[in-house]
Amino acid sequence: MCKFLVSFPVISLRSLLYALSLSLSLSLSVFFFIQMSLSDFGTFPIFSCRYGDKCKFLHSTQQQQQQQPRANPFGFGSQTGTPFQQTNTQQQKSNPFGFGTQAGAPFQQTKIQQQKSNLFGFGVQNSSPSTGASNFGGQQTKIFKPFENKWTRSSSAAGASSTPSQQEAKQSQAADHKCTDPEACMRIIAKDFEQEKPLWKLTCYSHSKDLPCDITGDVSYEELRAVAYDEAKRGVNLQSIVERERSLLNSKLNEFQSLLHNPYSRRSDPAPFPGAPSPVTSTSTPPLAVQHRNPPSVSSFGQLGPSLNIGFNTRPAAPPNNAFPFQNPAQPVQTPVAISPSASNFFSQTGGSPFGNSLSFNNQSSMLSSSFPASTQFTNFEVTQPSMLLNGPSHMGDGQKPALKPSEGVQRVFSGDAAIWAKEKWNPGEIPEEAPPDEFIR
Amino acid sequence: MSTFGSPANTNPNKSYEVVQPPSDGVSSLSFSPKANHLIATSWDNQVRCWEIMQSGANFNSTPKAAIAHDNPVLCSAWKDDGTTVFSGGCDKQAKMWNLLSNQSMQVAAHDAPIKDMAWIPEMSLLVTGSWDKTLRYWDTRQPNPVHVQQLPERCYALSVRYPLMVVGTADRNLIIFNLQTPQNEFKRIVSPLKFQTRCIAAFPDQQGFLVGSIEGRVGVHHLDDGQQNKNFTFKCHREGNEIYSVNSLNFHPVHGTFATAGSDGAFNFWDKDSKQRLKAMTRCSQPIPCGTFNSDGSIYAYAVCYDWSKGAENHNPATAKTYIYLHQALESEVKGKPRLVTQTRK
């Protein structure tokens, strides 16, 4: 300062301005500092977290709840609602079906960012601690990329997952699971069978969440019980009921075992469906009815038939009434072929474009009415070639055709003329190279 | 008659035992939206109604009425005015039971047993989901469904919070509907859980849903693509190496927390926002196939009976006993809590 005074006459205007701005900024920063300190002291008289009341964690000394006026990183805007408003009646609910910006995203981002793990596998910021792979309960959050599409098989899994353009943003490796490495898949399956084996065995299974089932053919408690009660009503004794259930269980366990040893070969083993003596719940219970009519190992062709029949039987007899808001009460029975129920055609008929991508998939052809998840029940006889990724639902359409592409490691390819198997004597040159379909195996 | 252990085993939580329980397993429980009337559907083909009186921690139950189906009854729903009960099951029918007049009539038909149903007041329709792979919407005044919706597989569970409806089917399909355009599937996804879907509960604020499976796990799933980072799953109802299924998911009507009930005979209360378990109750000696809150969330009713989780061979009709218990849901158990952190920063 003295220097200034002494040399005042020779100070240029520029340096004067400089000095002024410097002092100004100094005073401003002091001002802010004072402000912050004051606010800090106001809320944390004793314990001072360096984030003060902006800390995302709840401190036990903190009296108020976490009010986070800061905008969350994902552009949802600032959170001004009370954080623990469970019912969220006061906040603007974003319309779940017309997603846009979240004016009042009901659940605090802050809570989710807490990464403490607990016993229940919480703590990962986003989903999927659920795979058998390493990230059980407590893996740290990966970098969040909001709309990055990590789903590499969207074309094949289109029907099952959300639209490929807006894939769920998955962070952990489990969600990214690509079935390119059979070893990795096998490891996951082995781990699951070891650690994640539920007590109820009659279930479908997928080694990775969001992937369609590796093993299909769910039987629920109530279905099994309903069949048992029905049998009992008809006079079947308990012992036979128990035995039937046991054999069902065993065939399902065999399925799991074969998956464990060969994750990419989708056996067309039709064992999945519960073995109900068919008349029981009437033919209208498709999975129950199918099973017992089939011999234990049936070719893909063989299973197709009864499934088709059953599929038809389940069509409702009564035409629906036309009533608002259902604009197109089209009959559910649409296509002759539909292995999966004619959901796809029904959708395309209505003309509305539902948001699921499954429908664009289906609209490709009326023949290939393979809405993705529906076909999972029939993936048994869809042959996946090793070059294809697991689950091979991209062959969905192909799966509907009886002649499947031959591939190594698959037992029940039905290619070519079946009559060759019926011949007594083969001439050189016409001996088939693949194994016979099981219907020819005595 | 009951030799299955002392009563304490089936009721270690000292809940109130509802009088005159069904003679066979309970498949669903639901409270009236208007009063403390409890409906239980059972494998003994009956739908029963009790009136529940509560004063503080004390309960009283009075059997009121019952109707019968021809086959086991699997699901029930109340009409929003609290006068009428819908029930459906293995007889492939749904019945509408007017409690005031004590008259019942058939209002729905499927080709296979009806597994789950819901009354949608905003549409004045009953929706039923069946193992015949369809959802059907019923105007109770007409014999034919207003709409038939094909599902990819057998319906295992459904949950409605208008306009959101989530349907879980076999083979891990989850289908989401916007009931404003119910003939279109809004979205169809594969379950975030690896095994069979067992139960579903839509968030009260319709932002997403819970899905429970047989593998002792619950998935929390949000609908908005932008909220996918909030999705997670958690393990529950496991004991050592034994992994039981989650049979029932029920949101508390006020606090937005939820209860799970499992085949291990336990029921727990959870807060998904703070990702905590609020309360773990003691295991009963038999599975809990279903549970429900009453309209103000002060009572959690649950059934303790065999759920077939170990097949027919573990069902002994001679000695099997069914209980329905009422648990007073204390605020400390069902009100959400912020998550505390230690003082030291990481």
Given (1) at the interface with chain B (Cβ under 9 Å from one of its Cβ atoms); (2) in a helix (DSSP H, G or I); (3) touching a Lys or Arg at 6+ places or on another chain (Cβ under 8 Å), number of the condition A:His207 does not satisfy: (2)
I'm told B:Gln276 meets every condition in (1) touching a residue at least 12 places away in the same chain (Cβ under 8 Å); (2) surrounded by fewer than 24 Cβ atoms within 10 Å (Cβ to Cβ); (3) at the interface with chain A (Cβ under 7 Å from one of its Cβ atoms); (4) polar (S, T, N, Q) except one. Can you identify the failing condition by its number? (3)
Among the candidates B:Ala312, B:Ala318, residue that is without any contact (Cβ under 8 Å) to a residue 12 or more places away in the chain, facing another protein chain (nearest Cβ under 9 Å) and of a type in the set (A, V, I, L, M, F, W, C): B:Ala312
Mind listing just one residue for me: the one in the stretch B:33-45 that is more than 15 Å from the chain's Cα centre (by Cα) and within 12 Å of B:Cys90 (Cα to Cα) and, of those, surrounded by the most Cβ atoms within 10 Å (Cβ to Cβ)? B:Trp43
When restricted to B:Gln46, B:Gln20, the only residue closer than 17 Å to B:Asn60 by Cα and modelled with pLDDT of 95 or more is B:Gln20
State the number of residues belonging to the stretch B:126-143 that are out of contact with any helix residue (DSSP H, G or I) (no Cβ under 9 Å at 6 or more places or on another chain) and under 28 Å from A:Tyr221 (Cβ atoms). 10
Give the stretch B:126-142 a look and list any residue that's within 7 Å of another protein chain (Cβ to nearest Cβ) and surrounded by fewer than 23 Cβ atoms within 10 Å (Cβ to Cβ), or say none. B:Asp139, B:Gln142
Please tell me if B:Ser32 is among the hydroxyl-bearing types (Ser, Thr, Tyr) and closer than 22 Å to A:Ala232 by Cα. no
Please go through the stretch B:105-125 and give me each residue that is out of contact with any Asp or Glu (no Cβ under 8 Å at 6 or more places or on another chain) and either more than 8 Å from chain A (Cβ to nearest Cβ) or modelled with pLDDT under 95 (or both), ordered by number. B:Met105, B:Gln106, B:Val107, B:Ala108, B:Ile114, B:Asp116, B:Met117, B:Ala118, B:Ile120, B:Glu122
Any hit, the stretch B:220-228, residues being more than 7 Å from every other protein chain (Cβ to nearest Cβ), on the phi < 0 side of the Ramachandran plot and surrounded by fewer than 24 Cβ atoms within 10 Å (Cβ to Cβ): yes
Residues of the stretch B:144-179 being farther than 24 Å from B:Ser28 by Cβ and more than 7 Å from chain A (Cβ to nearest Cβ), in sequence order, are none
Mind telling me which of the residues B:Phe203, B:Phe186 ends up being surrounded by fewer than 23 Cβ atoms within 10 Å (Cβ to Cβ) and either in contact with a Lys or Arg (Cβ under 8 Å, 6 or more places away or on another chain) or facing another protein chain (nearest Cβ under 7 Å) (or both)? B:Phe186
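The values are calculated or read from the model by the stated rules, or taken from the named source; none is laboratory data. Everything quoted here is computed from the prediction, not taken from an experiment. Glycine gets a Cβ as well: all are built from the backbone with ideal geometry, and neighbour counts include every protein chain shown.
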